[in-house]
1. Give me the count of lysine pairs in the protein assembly as shown whose alpha carbons sit under 22 angstrom apart, restricted to pairs 8 or more positions apart or on different chains.
2. Report, in order of residue number, the helices in chain B meeting two criteria: a C-alpha extent of 18 Å or more along the helix axis, and a mean Kyte-Doolittle hydropathy of at least -0.5; treat each whole DSSP H run as one helix.
3. Calculate how steeply helix A:177-193 sits against the longest principal axis of the alpha-carbon atoms of chain A, using the helix alpha-carbon long axis, and give the answer as 0 to 90 degrees to the nearest 10.
4. Compute the helix-to-body angle for A:94-105: its Cα long axis versus the longest principal axis of chain A, expressed 0 to 90° and rounded to tens.
5. I'd like the accessible area for A:Arg150: 1.4 Å probe, protein heavy atoms, all chains in place, Å² to the nearest 10.
6. To the nearest µm²/s, what D does Stokes-Einstein give for the protein assembly as shown at 10 °C and 1.306 mPa s, using the Kirkwood radius over alpha carbon pairs as Rh?
7. Could you give the accessible area per residue of the protein assembly as shown, probe 1.4 Å, as a whole number in Å²?
8. Quick one: Cα centre-to-centre distance for segment A:270-317 and segment B:73-107, in angstrom?
Amino acid sequence: MLPQIEARFRVDWPGFTLALDERFPARGVTALFGHSGSGKTTLLRCIAGLERAAQGYLSVDGEVWQDAKTWVPTHRRPIGYVFQEASLFPHLTVLGNLRYGQRRSQPKGRAKEQGPETGQATFSLEQAIELLGIGHLLARRPAALSGGERQRVGMARALAVDPRMLLMDEPLAALDLKRKQEILPYLERLHDELDIPVIYVSHSPDEVARLADHILVMDAGRVLASGPLNETLSRLDLPIRLGEDAGVVLDGRVAERDARWHLLRVACCGASLWTRDTGAEIGAHVRLRILARDVSLTREPSHESSIQNTLPAKVLSLGDDSHPALRLVKLEVSGSTVLARVTRRSAELLGLEPEQSVYAQIKAVALL
Amino acid sequence: MWLTETDLEAIWLTLRVATVTTLILFAVGTPVAWWLARTRSRWKGPIGAVVALPLVLPPSVLGFYLLVAMGPNGPVGQLTERLGIGLLPFTFWGLVVASVFYSFPFMVQPVQNAFEAIGDRPLEAAATLRASPLDRFFSVALPLSLPGLITAGILTFAHTVGEFGVVLMIGGNIPGVTRVASVQIYDYVEALEYANAHRLAAVMLVFSFLVLLILYVWNPGGKKR
(Lines give C-alpha, C1' and ligand atoms only; values in the text may rest on other atoms or scores of the structure.)
Protein backbone atom coordinates (compact mmCIF):
# COMPACT_ATOMS: atom_id res chain seq x y z
CA MET A 1 0.00 0.00 0.00
CA LEU A 2 1.23 3.47 -0.77
CA PRO A 3 2.12 5.70 2.15
CA GLN A 4 -0.80 7.95 2.80
CA ILE A 5 -2.14 10.70 4.97
CA GLU A 6 -5.44 10.19 6.65
CA ALA A 7 -7.04 13.34 8.03
CA ARG A 8 -10.36 13.91 9.74
CA PHE A 9 -10.85 17.31 11.26
CA ARG A 10 -13.70 19.33 12.57
CA VAL A 11 -13.06 22.93 13.57
CA ASP A 12 -15.89 25.23 14.63
CA TRP A 13 -15.11 28.89 14.86
CA PRO A 14 -17.55 31.78 14.74
CA GLY A 15 -18.33 32.18 11.05
CA PHE A 16 -16.09 29.34 9.90
CA THR A 17 -16.35 25.58 9.94
CA LEU A 18 -13.79 23.12 8.69
CA ALA A 19 -15.08 19.61 8.24
CA LEU A 20 -13.21 17.03 6.27
CA ASP A 21 -12.43 13.35 6.05
CA GLU A 22 -9.77 12.66 3.49
CA ARG A 23 -7.05 10.27 2.52
CA PHE A 24 -4.39 11.37 0.12
CA PRO A 25 -1.04 9.97 -0.92
CA ALA A 26 2.00 10.93 1.13
CA ARG A 27 4.22 11.31 -1.89
CA GLY A 28 4.83 13.88 -4.55
CA VAL A 29 3.25 17.31 -4.24
CA THR A 30 -0.31 17.55 -2.97
CA ALA A 31 -1.88 20.94 -3.55
CA LEU A 32 -4.53 22.29 -1.20
CA PHE A 33 -6.28 24.56 -3.61
CA GLY A 34 -9.05 27.07 -2.95
CA HIS A 35 -9.96 30.68 -2.44
CA SER A 36 -8.93 32.54 0.67
CA GLY A 37 -11.19 31.54 3.52
CA SER A 38 -11.70 28.06 2.08
CA GLY A 39 -9.89 26.51 5.04
CA LYS A 40 -6.79 25.31 3.25
CA THR A 41 -4.36 27.07 5.57
CA THR A 42 -6.32 25.91 8.61
CA LEU A 43 -6.06 22.34 7.33
CA LEU A 44 -2.31 22.74 6.87
CA ARG A 45 -1.97 24.15 10.39
CA CYS A 46 -3.96 21.21 11.76
CA ILE A 47 -1.55 18.84 10.02
CA ALA A 48 1.41 20.73 11.49
CA GLY A 49 -0.15 20.74 14.96
CA LEU A 50 -0.18 24.55 15.06
CA GLU A 51 -3.96 24.40 15.30
CA ARG A 52 -5.67 21.82 17.43
CA ALA A 53 -9.01 20.71 16.07
CA ALA A 54 -11.28 19.76 18.96
CA GLN A 55 -12.26 16.66 17.04
CA GLY A 56 -9.63 15.25 14.84
CA TYR A 57 -7.73 12.26 13.61
CA LEU A 58 -4.48 12.44 11.72
CA SER A 59 -2.15 9.71 10.69
CA VAL A 60 0.82 10.02 8.40
CA ASP A 61 2.23 6.90 6.87
CA GLY A 62 0.45 4.80 9.50
CA GLU A 63 1.75 6.86 12.43
CA VAL A 64 -0.98 8.53 14.50
CA TRP A 65 -0.28 12.20 15.26
CA GLN A 66 -3.72 13.03 16.62
CA ASP A 67 -6.73 11.12 17.82
CA ALA A 68 -8.97 11.18 20.89
CA LYS A 69 -6.04 10.12 23.13
CA THR A 70 -2.97 11.12 21.17
CA TRP A 71 -1.56 14.56 20.54
CA VAL A 72 1.90 14.93 19.10
CA PRO A 73 2.97 18.54 19.63
CA THR A 74 4.36 20.44 16.67
CA HIS A 75 7.97 20.25 17.79
CA ARG A 76 7.83 16.46 17.81
CA ARG A 77 6.29 16.13 14.36
CA PRO A 78 8.87 15.31 11.66
CA ILE A 79 7.78 18.14 9.41
CA GLY A 80 9.27 21.15 7.72
CA TYR A 81 7.02 24.21 7.49
CA VAL A 82 7.32 27.18 5.16
CA PHE A 83 5.20 30.18 6.14
CA GLN A 84 3.68 32.69 3.77
CA GLU A 85 6.04 35.40 5.00
CA ALA A 86 9.31 33.64 5.63
CA SER A 87 9.12 34.34 9.40
CA LEU A 88 12.87 34.22 9.86
CA PHE A 89 14.26 35.01 13.29
CA PRO A 90 15.40 38.64 13.08
CA HIS A 91 17.96 38.21 15.87
CA LEU A 92 19.88 35.52 14.01
CA THR A 93 21.89 35.57 10.79
CA VAL A 94 20.80 33.47 7.85
CA LEU A 95 23.17 30.72 8.95
CA GLY A 96 21.87 31.06 12.52
CA ASN A 97 18.33 30.60 11.22
CA LEU A 98 19.34 27.51 9.24
CA ARG A 99 21.22 26.01 12.19
CA TYR A 100 18.37 26.70 14.62
CA GLY A 101 16.26 23.83 13.38
CA GLN A 102 19.10 21.69 12.10
CA ARG A 103 20.77 21.51 15.53
CA ARG A 104 17.53 20.62 17.25
CA SER A 105 16.60 17.93 14.76
CA GLN A 106 19.78 15.96 15.18
CA PRO A 107 19.43 12.92 17.39
CA LYS A 108 21.03 13.53 20.75
CA GLY A 109 24.52 12.20 21.32
CA ARG A 110 25.68 12.51 17.77
CA ALA A 111 28.69 14.75 17.51
CA LYS A 112 27.85 17.95 15.72
CA GLU A 113 31.17 18.15 13.97
CA GLN A 114 30.73 14.91 12.10
CA GLY A 115 29.77 15.14 8.50
CA PRO A 116 26.36 14.24 7.16
CA GLU A 117 27.67 10.84 6.00
CA THR A 118 27.72 9.57 9.56
CA GLY A 119 24.08 10.34 10.23
CA GLN A 120 20.94 8.94 8.75
CA ALA A 121 20.07 12.35 7.39
CA THR A 122 18.80 12.24 3.85
CA PHE A 123 19.14 15.95 3.68
CA SER A 124 21.98 18.05 4.98
CA LEU A 125 22.35 21.73 5.63
CA GLU A 126 24.87 22.00 2.80
CA GLN A 127 22.42 20.43 0.37
CA ALA A 128 19.66 22.79 1.44
CA ILE A 129 21.96 25.79 0.97
CA GLU A 130 23.06 24.52 -2.44
CA LEU A 131 19.55 23.61 -3.61
CA LEU A 132 18.17 27.05 -2.85
CA GLY A 133 21.25 28.97 -3.91
CA ILE A 134 21.71 30.96 -0.71
CA GLY A 135 25.41 30.30 -0.07
CA HIS A 136 26.29 33.96 -0.49
CA LEU A 137 23.71 35.13 2.05
CA LEU A 138 24.75 33.14 5.12
CA ALA A 139 26.31 35.98 7.10
CA ARG A 140 23.46 38.42 6.52
CA ARG A 141 20.60 39.35 8.80
CA PRO A 142 17.05 38.72 7.57
CA ALA A 143 16.43 42.48 7.51
CA ALA A 144 19.08 42.81 4.79
CA LEU A 145 17.46 40.29 2.45
CA SER A 146 14.96 40.81 -0.36
CA GLY A 147 11.54 39.16 -0.10
CA GLY A 148 12.52 36.41 -2.51
CA GLU A 149 15.78 35.72 -0.72
CA ARG A 150 14.00 35.55 2.60
CA GLN A 151 11.56 33.00 1.27
CA ARG A 152 14.39 30.88 -0.11
CA VAL A 153 16.09 30.97 3.29
CA GLY A 154 12.75 30.01 4.86
CA MET A 155 12.55 26.98 2.59
CA ALA A 156 16.17 25.99 3.24
CA ARG A 157 15.54 26.33 6.97
CA ALA A 158 12.56 23.99 6.72
CA LEU A 159 14.59 21.47 4.71
CA ALA A 160 17.57 21.62 7.06
CA VAL A 161 15.61 19.81 9.78
CA ASP A 162 15.55 16.83 7.42
CA PRO A 163 11.74 16.60 7.49
CA ARG A 164 9.75 13.54 6.51
CA MET A 165 7.10 15.82 5.08
CA LEU A 166 7.25 19.40 3.87
CA LEU A 167 4.30 21.75 4.46
CA MET A 168 4.18 24.99 2.50
CA ASP A 169 1.63 27.72 3.13
CA GLU A 170 1.44 29.85 -0.02
CA PRO A 171 5.17 30.48 -0.08
CA LEU A 172 4.83 32.74 -3.12
CA ALA A 173 1.70 34.68 -2.20
CA ALA A 174 3.52 37.55 -0.50
CA LEU A 175 5.86 38.09 -3.46
CA ASP A 176 5.46 40.14 -6.61
CA LEU A 177 5.46 38.51 -10.04
CA LYS A 178 9.19 38.97 -10.57
CA ARG A 179 10.08 37.34 -7.25
CA LYS A 180 7.65 34.53 -7.99
CA GLN A 181 9.45 33.81 -11.21
CA GLU A 182 12.68 33.83 -9.23
CA ILE A 183 11.44 31.22 -6.75
CA LEU A 184 9.38 28.89 -8.93
CA PRO A 185 12.42 27.19 -10.48
CA TYR A 186 13.65 26.36 -6.97
CA LEU A 187 10.27 24.89 -6.10
CA GLU A 188 10.40 22.79 -9.23
CA ARG A 189 13.85 21.58 -8.21
CA LEU A 190 12.41 20.59 -4.84
CA HIS A 191 9.70 18.70 -6.65
CA ASP A 192 12.13 16.93 -8.96
CA GLU A 193 14.96 16.23 -6.56
CA LEU A 194 13.31 15.52 -3.24
CA ASP A 195 11.80 12.29 -2.18
CA ILE A 196 9.70 13.71 0.63
CA PRO A 197 6.01 14.42 0.26
CA VAL A 198 5.03 18.07 0.02
CA ILE A 199 1.69 19.61 0.92
CA TYR A 200 1.39 22.90 -0.86
CA VAL A 201 -1.31 25.45 -0.10
CA SER A 202 -2.13 27.75 -2.99
CA HIS A 203 -4.88 29.78 -4.57
CA SER A 204 -2.98 30.14 -7.83
CA PRO A 205 -4.01 27.75 -10.67
CA ASP A 206 -0.68 28.51 -12.28
CA GLU A 207 1.41 27.28 -9.33
CA VAL A 208 -0.81 24.24 -8.93
CA ALA A 209 -0.45 23.37 -12.61
CA ARG A 210 3.30 23.64 -12.42
CA LEU A 211 3.91 21.83 -9.16
CA ALA A 212 1.13 19.55 -8.05
CA ASP A 213 0.72 15.83 -8.62
CA HIS A 214 -2.38 15.51 -6.52
CA ILE A 215 -4.95 18.12 -5.64
CA LEU A 216 -7.52 18.77 -2.95
CA VAL A 217 -9.99 21.43 -4.02
CA MET A 218 -11.44 23.22 -1.00
CA ASP A 219 -14.32 25.58 -0.54
CA ALA A 220 -15.93 26.95 2.64
CA GLY A 221 -14.15 24.48 4.89
CA ARG A 222 -15.04 21.41 2.85
CA VAL A 223 -13.20 19.34 0.27
CA LEU A 224 -14.97 19.53 -3.08
CA ALA A 225 -12.71 17.17 -4.95
CA SER A 226 -9.59 15.20 -4.41
CA GLY A 227 -7.50 13.16 -6.80
CA PRO A 228 -4.62 13.07 -9.24
CA LEU A 229 -4.11 16.48 -10.82
CA ASN A 230 -5.33 15.97 -14.36
CA GLU A 231 -8.16 13.66 -13.42
CA THR A 232 -9.45 16.29 -11.02
CA LEU A 233 -8.90 19.31 -13.23
CA SER A 234 -10.83 17.68 -16.06
CA ARG A 235 -13.87 16.77 -14.01
CA LEU A 236 -16.98 18.46 -15.31
CA ASP A 237 -19.28 17.68 -12.43
CA LEU A 238 -17.41 19.95 -10.06
CA PRO A 239 -18.20 23.54 -9.36
CA ILE A 240 -14.52 24.35 -9.70
CA ARG A 241 -14.74 27.93 -10.66
CA LEU A 242 -11.44 28.23 -12.39
CA GLY A 243 -13.08 30.46 -14.98
CA GLU A 244 -10.49 31.45 -17.55
CA ASP A 245 -8.04 29.06 -15.99
CA ALA A 246 -10.04 25.90 -16.68
CA GLY A 247 -7.82 23.42 -18.43
CA VAL A 248 -5.63 20.38 -18.06
CA VAL A 249 -2.01 19.59 -17.34
CA LEU A 250 -0.24 16.82 -19.25
CA ASP A 251 3.18 15.27 -19.00
CA GLY A 252 5.34 15.15 -22.08
CA ARG A 253 8.86 14.88 -23.43
CA VAL A 254 10.68 17.23 -25.76
CA ALA A 255 11.17 15.25 -28.98
CA GLU A 256 12.41 17.64 -31.62
CA ARG A 257 13.60 21.18 -32.14
CA ASP A 258 12.76 23.11 -35.26
CA ALA A 259 15.37 25.84 -35.34
CA ARG A 260 13.93 27.56 -38.38
CA TRP A 261 10.55 28.28 -36.83
CA HIS A 262 11.69 28.36 -33.20
CA LEU A 263 9.34 25.54 -32.31
CA LEU A 264 9.58 22.45 -30.17
CA ARG A 265 7.81 19.19 -30.80
CA VAL A 266 6.66 17.63 -27.58
CA ALA A 267 5.63 14.01 -27.47
CA CYS A 268 2.62 13.86 -25.27
CA CYS A 269 -0.26 11.48 -24.86
CA GLY A 270 0.76 9.40 -27.87
CA ALA A 271 0.67 12.40 -30.14
CA SER A 272 2.85 15.35 -31.02
CA LEU A 273 2.27 18.96 -30.13
CA TRP A 274 4.20 21.92 -31.45
CA THR A 275 4.93 24.76 -29.12
CA ARG A 276 7.19 27.76 -28.83
CA ASP A 277 10.83 26.96 -28.23
CA THR A 278 11.47 27.70 -24.56
CA GLY A 279 15.03 26.42 -24.70
CA ALA A 280 14.17 23.09 -23.10
CA GLU A 281 16.58 20.29 -23.94
CA ILE A 282 15.69 17.41 -26.24
CA GLY A 283 14.53 14.51 -24.13
CA ALA A 284 13.63 16.73 -21.18
CA HIS A 285 10.56 15.82 -19.20
CA VAL A 286 8.09 18.71 -19.29
CA ARG A 287 4.64 19.65 -18.16
CA LEU A 288 2.19 21.06 -20.64
CA ARG A 289 -0.78 23.14 -19.77
CA ILE A 290 -3.66 23.30 -22.18
CA LEU A 291 -6.39 25.76 -21.28
CA ALA A 292 -9.93 24.92 -22.29
CA ARG A 293 -10.33 28.28 -23.98
CA ASP A 294 -7.42 27.46 -26.33
CA VAL A 295 -9.02 24.28 -27.64
CA SER A 296 -11.65 24.43 -30.37
CA LEU A 297 -13.44 21.60 -32.16
CA THR A 298 -14.13 20.74 -35.80
CA ARG A 299 -15.77 17.78 -37.39
CA GLU A 300 -13.25 17.58 -40.27
CA PRO A 301 -9.48 17.96 -40.00
CA SER A 302 -8.75 21.40 -41.30
CA HIS A 303 -5.45 21.94 -43.06
CA GLU A 304 -6.09 25.51 -43.95
CA SER A 305 -5.86 26.98 -40.51
CA SER A 306 -3.33 28.95 -38.55
CA ILE A 307 -3.60 26.38 -35.80
CA GLN A 308 -0.71 23.93 -35.87
CA ASN A 309 -1.95 21.27 -33.56
CA THR A 310 -4.97 19.37 -34.77
CA LEU A 311 -5.56 16.02 -33.16
CA PRO A 312 -8.30 13.42 -33.51
CA ALA A 313 -10.37 13.25 -30.36
CA LYS A 314 -13.42 11.61 -28.92
CA VAL A 315 -16.06 13.47 -26.95
CA LEU A 316 -16.45 11.97 -23.50
CA SER A 317 -19.00 14.27 -21.94
CA LEU A 318 -20.32 17.79 -21.91
CA GLY A 319 -20.78 20.06 -18.93
CA ASP A 320 -21.88 23.55 -18.08
CA ASP A 321 -19.29 26.26 -17.81
CA SER A 322 -19.16 29.34 -15.65
CA HIS A 323 -21.19 31.34 -18.17
CA PRO A 324 -24.55 30.18 -19.63
CA ALA A 325 -23.31 30.82 -23.18
CA LEU A 326 -20.46 28.36 -22.77
CA ARG A 327 -20.02 24.64 -22.45
CA LEU A 328 -17.03 22.59 -21.39
CA VAL A 329 -16.34 19.49 -23.47
CA LYS A 330 -14.28 16.68 -22.04
CA LEU A 331 -12.30 14.95 -24.77
CA GLU A 332 -10.15 11.91 -25.01
CA VAL A 333 -7.03 12.53 -27.08
CA SER A 334 -5.15 9.27 -27.51
CA GLY A 335 -5.67 8.19 -23.94
CA SER A 336 -5.39 11.57 -22.22
CA THR A 337 -8.12 13.91 -21.17
CA VAL A 338 -8.31 17.43 -22.56
CA LEU A 339 -10.95 20.10 -21.97
CA ALA A 340 -12.37 22.32 -24.67
CA ARG A 341 -14.52 25.40 -24.22
CA VAL A 342 -17.10 26.06 -26.90
CA THR A 343 -20.20 28.18 -27.06
CA ARG A 344 -23.48 26.49 -26.44
CA ARG A 345 -24.52 27.39 -29.97
CA SER A 346 -21.45 25.75 -31.52
CA ALA A 347 -22.07 22.64 -29.49
CA GLU A 348 -25.59 22.57 -30.86
CA LEU A 349 -24.51 23.23 -34.46
CA LEU A 350 -21.78 20.58 -34.33
CA GLY A 351 -24.25 18.23 -32.71
CA LEU A 352 -21.72 17.33 -30.03
CA GLU A 353 -22.57 14.27 -28.02
CA PRO A 354 -20.62 11.61 -26.12
CA GLU A 355 -18.71 9.01 -28.19
CA GLN A 356 -18.61 11.34 -31.15
CA SER A 357 -15.34 11.68 -33.08
CA VAL A 358 -14.09 15.20 -33.63
CA TYR A 359 -10.84 17.05 -34.19
CA ALA A 360 -9.37 19.16 -31.44
CA GLN A 361 -7.56 22.27 -32.60
CA ILE A 362 -5.16 23.32 -29.92
CA LYS A 363 -4.24 26.92 -30.36
CA ALA A 364 -1.73 27.24 -27.57
CA VAL A 365 0.23 24.89 -25.42
CA ALA A 366 2.10 26.30 -22.47
CA LEU A 367 5.29 24.55 -21.47
CA LEU A 368 5.50 24.83 -17.70
CA MET B 1 34.00 65.16 52.05
CA TRP B 2 31.07 66.50 50.12
CA LEU B 3 28.54 63.90 51.31
CA THR B 4 28.59 62.72 54.89
CA GLU B 5 29.36 59.16 56.00
CA THR B 6 25.68 58.50 56.68
CA ASP B 7 24.74 59.87 53.27
CA LEU B 8 27.06 57.40 51.56
CA GLU B 9 25.75 54.63 53.76
CA ALA B 10 22.17 55.52 52.76
CA ILE B 11 23.07 55.64 49.06
CA TRP B 12 24.91 52.31 49.21
CA LEU B 13 21.91 50.72 50.97
CA THR B 14 19.53 52.19 48.40
CA LEU B 15 21.55 50.74 45.54
CA ARG B 16 21.70 47.33 47.23
CA VAL B 17 17.94 47.21 47.81
CA ALA B 18 17.23 48.33 44.26
CA THR B 19 19.65 45.81 42.72
CA VAL B 20 18.38 42.85 44.74
CA THR B 21 14.77 43.88 44.07
CA THR B 22 15.39 44.15 40.33
CA LEU B 23 17.08 40.76 40.18
CA ILE B 24 14.24 39.12 42.12
CA LEU B 25 11.68 40.79 39.89
CA PHE B 26 13.41 39.53 36.74
CA ALA B 27 13.00 36.01 38.11
CA VAL B 28 9.44 36.46 39.40
CA GLY B 29 7.99 39.06 37.05
CA THR B 30 9.08 37.55 33.72
CA PRO B 31 7.06 34.32 34.08
CA VAL B 32 4.03 36.33 35.22
CA ALA B 33 4.43 38.66 32.23
CA TRP B 34 4.79 35.63 29.92
CA TRP B 35 1.62 34.11 31.31
CA LEU B 36 -0.30 37.39 30.99
CA ALA B 37 0.95 37.84 27.41
CA ARG B 38 0.09 34.33 26.23
CA THR B 39 -2.93 33.17 28.21
CA ARG B 40 -6.50 33.04 27.00
CA SER B 41 -7.71 32.31 30.53
CA ARG B 42 -10.55 34.32 32.01
CA TRP B 43 -8.23 35.05 34.92
CA LYS B 44 -6.07 37.27 32.73
CA GLY B 45 -8.13 40.37 33.57
CA PRO B 46 -8.28 39.95 37.35
CA ILE B 47 -4.60 38.95 37.63
CA GLY B 48 -3.59 41.86 35.42
CA ALA B 49 -5.54 44.23 37.68
CA VAL B 50 -3.86 42.88 40.81
CA VAL B 51 -0.44 43.30 39.19
CA ALA B 52 -1.28 46.93 38.41
CA LEU B 53 -2.57 47.73 41.93
CA PRO B 54 0.69 49.21 43.30
CA LEU B 55 0.51 51.82 40.53
CA VAL B 56 -2.55 53.44 42.09
CA LEU B 57 -2.46 52.35 45.72
CA PRO B 58 -1.02 54.87 48.20
CA PRO B 59 2.34 53.44 49.30
CA SER B 60 1.23 53.75 52.90
CA VAL B 61 -1.70 51.40 52.22
CA LEU B 62 0.57 48.82 50.62
CA GLY B 63 3.08 49.28 53.44
CA PHE B 64 0.38 48.94 56.07
CA TYR B 65 -0.91 45.61 54.73
CA LEU B 66 2.61 44.28 54.30
CA LEU B 67 3.45 45.33 57.87
CA VAL B 68 0.40 43.54 59.21
CA ALA B 69 1.05 40.43 57.12
CA MET B 70 4.72 40.22 58.03
CA GLY B 71 4.23 41.20 61.65
CA PRO B 72 4.22 38.71 64.57
CA ASN B 73 0.46 38.10 64.23
CA GLY B 74 0.33 38.08 60.43
CA PRO B 75 0.38 34.88 58.37
CA VAL B 76 3.68 35.72 56.69
CA GLY B 77 5.23 36.72 60.01
CA GLN B 78 4.20 33.47 61.66
CA LEU B 79 5.60 31.52 58.72
CA THR B 80 8.96 33.32 58.74
CA GLU B 81 9.24 32.86 62.51
CA ARG B 82 8.48 29.16 62.22
CA LEU B 83 11.12 28.86 59.51
CA GLY B 84 13.61 30.47 61.88
CA ILE B 85 14.09 33.57 59.73
CA GLY B 86 12.50 35.83 62.33
CA LEU B 87 10.31 38.81 61.56
CA LEU B 88 10.92 40.76 58.33
CA PRO B 89 9.74 44.29 59.19
CA PHE B 90 12.55 46.71 59.98
CA THR B 91 15.14 44.49 58.28
CA PHE B 92 16.94 44.66 54.92
CA TRP B 93 14.98 41.69 53.55
CA GLY B 94 11.70 43.15 54.75
CA LEU B 95 12.57 46.20 52.70
CA VAL B 96 13.35 44.03 49.68
CA VAL B 97 10.07 42.13 49.96
CA ALA B 98 8.13 45.39 50.20
CA SER B 99 10.03 46.81 47.22
CA VAL B 100 9.26 43.71 45.15
CA PHE B 101 5.54 44.28 45.66
CA TYR B 102 5.85 48.01 45.17
CA SER B 103 7.78 47.76 41.88
CA PHE B 104 5.99 44.69 40.51
CA PRO B 105 4.01 46.46 37.74
CA PHE B 106 7.11 48.36 36.63
CA MET B 107 8.69 45.03 35.74
CA VAL B 108 5.66 43.07 34.54
CA GLN B 109 4.00 45.61 32.26
CA PRO B 110 6.91 46.48 29.94
CA VAL B 111 7.94 42.84 29.72
CA GLN B 112 4.36 41.79 28.99
CA ASN B 113 4.13 44.43 26.25
CA ALA B 114 7.39 43.20 24.74
CA PHE B 115 6.20 39.58 24.77
CA GLU B 116 2.89 40.55 23.19
CA ALA B 117 4.66 42.50 20.47
CA ILE B 118 6.51 39.37 19.30
CA GLY B 119 3.26 37.74 18.18
CA ASP B 120 2.64 34.05 17.63
CA ARG B 121 4.52 33.62 14.38
CA PRO B 122 8.17 33.43 15.55
CA LEU B 123 7.15 30.97 18.26
CA GLU B 124 5.23 28.86 15.75
CA ALA B 125 8.22 28.93 13.43
CA ALA B 126 10.41 27.77 16.31
CA ALA B 127 7.95 24.97 17.08
CA THR B 128 8.14 23.69 13.51
CA LEU B 129 11.93 23.75 13.93
CA ARG B 130 11.74 21.25 16.81
CA ALA B 131 12.00 23.74 19.71
CA SER B 132 10.09 22.71 22.85
CA PRO B 133 8.00 25.35 24.66
CA LEU B 134 10.76 26.12 27.20
CA ASP B 135 13.36 26.20 24.43
CA ARG B 136 11.16 28.62 22.44
CA PHE B 137 10.96 30.92 25.44
CA PHE B 138 14.72 31.13 25.92
CA SER B 139 15.88 30.97 22.30
CA VAL B 140 13.23 33.15 20.65
CA ALA B 141 10.97 35.04 23.06
CA LEU B 142 13.71 36.38 25.37
CA PRO B 143 16.14 37.54 22.66
CA LEU B 144 13.34 39.18 20.66
CA SER B 145 12.05 41.05 23.70
CA LEU B 146 15.45 42.00 25.07
CA PRO B 147 14.89 45.77 24.61
CA GLY B 148 11.67 45.47 26.61
CA LEU B 149 13.46 43.52 29.33
CA ILE B 150 16.19 46.15 29.60
CA THR B 151 13.60 48.92 29.80
CA ALA B 152 11.76 47.02 32.51
CA GLY B 153 14.97 46.50 34.48
CA ILE B 154 15.90 50.17 34.36
CA LEU B 155 12.39 51.31 35.32
CA THR B 156 12.21 48.83 38.18
CA PHE B 157 15.60 49.85 39.52
CA ALA B 158 14.84 53.56 39.31
CA HIS B 159 11.39 53.18 40.80
CA THR B 160 12.77 51.20 43.73
CA VAL B 161 15.42 53.84 44.36
CA GLY B 162 12.65 56.43 44.52
CA GLU B 163 10.35 54.70 46.98
CA PHE B 164 9.62 56.36 50.28
CA GLY B 165 6.23 55.62 51.79
CA VAL B 166 6.49 51.85 51.78
CA VAL B 167 10.01 52.03 53.23
CA LEU B 168 8.85 54.21 56.08
CA MET B 169 6.04 51.80 56.92
CA ILE B 170 8.03 48.57 56.64
CA GLY B 171 11.62 49.58 57.23
CA GLY B 172 11.41 52.47 59.58
CA ASN B 173 14.56 54.46 59.84
CA ILE B 174 17.48 52.34 61.03
CA PRO B 175 20.85 53.66 59.84
CA GLY B 176 22.66 51.19 57.56
CA VAL B 177 19.78 48.73 57.67
CA THR B 178 16.68 50.44 56.38
CA ARG B 179 17.55 54.12 56.12
CA VAL B 180 17.62 54.61 52.33
CA ALA B 181 18.45 57.90 50.60
CA SER B 182 14.88 59.17 50.38
CA VAL B 183 14.38 58.61 54.11
CA GLN B 184 17.70 60.27 54.87
CA ILE B 185 16.53 63.41 53.05
CA TYR B 186 13.31 63.35 55.05
CA ASP B 187 15.38 63.17 58.25
CA TYR B 188 17.49 66.16 57.22
CA VAL B 189 14.42 68.24 56.51
CA GLU B 190 12.84 67.23 59.85
CA ALA B 191 16.01 68.38 61.55
CA LEU B 192 16.05 71.58 59.49
CA GLU B 193 19.45 70.66 58.02
CA TYR B 194 18.60 72.09 54.62
CA ALA B 195 22.17 72.16 53.29
CA ASN B 196 22.56 68.42 53.79
CA ALA B 197 19.13 67.81 52.34
CA HIS B 198 20.06 69.85 49.27
CA ARG B 199 23.17 67.86 48.56
CA LEU B 200 21.51 64.46 48.75
CA ALA B 201 18.41 65.68 46.93
CA ALA B 202 20.63 66.96 44.12
CA VAL B 203 22.32 63.56 43.86
CA MET B 204 18.91 61.87 43.58
CA LEU B 205 17.72 64.39 41.01
CA VAL B 206 20.77 63.92 38.80
CA PHE B 207 20.54 60.14 39.12
CA SER B 208 16.85 60.05 38.16
CA PHE B 209 17.43 62.35 35.22
CA LEU B 210 20.32 60.25 33.93
CA VAL B 211 18.25 57.07 34.11
CA LEU B 212 15.40 58.63 32.17
CA LEU B 213 17.87 60.16 29.71
CA ILE B 214 19.27 56.71 28.96
CA LEU B 215 15.76 55.34 28.44
CA TYR B 216 14.69 58.12 26.11
CA VAL B 217 17.88 58.51 24.09
CA TRP B 218 18.52 54.81 23.69
CA ASN B 219 15.58 53.79 21.57
CA PRO B 220 15.26 50.01 21.65
CA GLY B 221 12.61 49.83 18.95
CA GLY B 222 14.58 51.74 16.38
CA LYS B 223 17.91 49.96 16.35
CA LYS B 224 17.87 49.59 12.60
CA ARG B 225 21.05 49.84 10.63
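1. 4
2. Answer set is B:5-38, B:44-56, B:92-118, B:146-161, B:194-217.
3. The angle comes out at about 80 degrees.
4. The helix A:94-105 is inclined about 80 degrees to chain A.
5. 80
6. This corresponds to a translational diffusion coefficient of 54 µm²/s.
7. Accessible surface, normalised per residue, equals 49 Å².
8. The two parts, judged by their Cα centres, are 86 Å apart.
The values are calculated or read from the model by the stated rules, or taken from the named source; none is laboratory data. Given the structure is predicted, the values throughout are model-derived calculations rather than measurements. A quick note on method: Cβ atoms are made from the backbone with ideal geometry, for glycine too, and the neighbour counts reach across all protein chains shown. Surface accessibility is based on the protein's heavy atoms, side chains included, excluding ligands, DNA and RNA. Shrake-Rupley method; radii C 1.70, N 1.55, O 1.52, S 1.80 Å.
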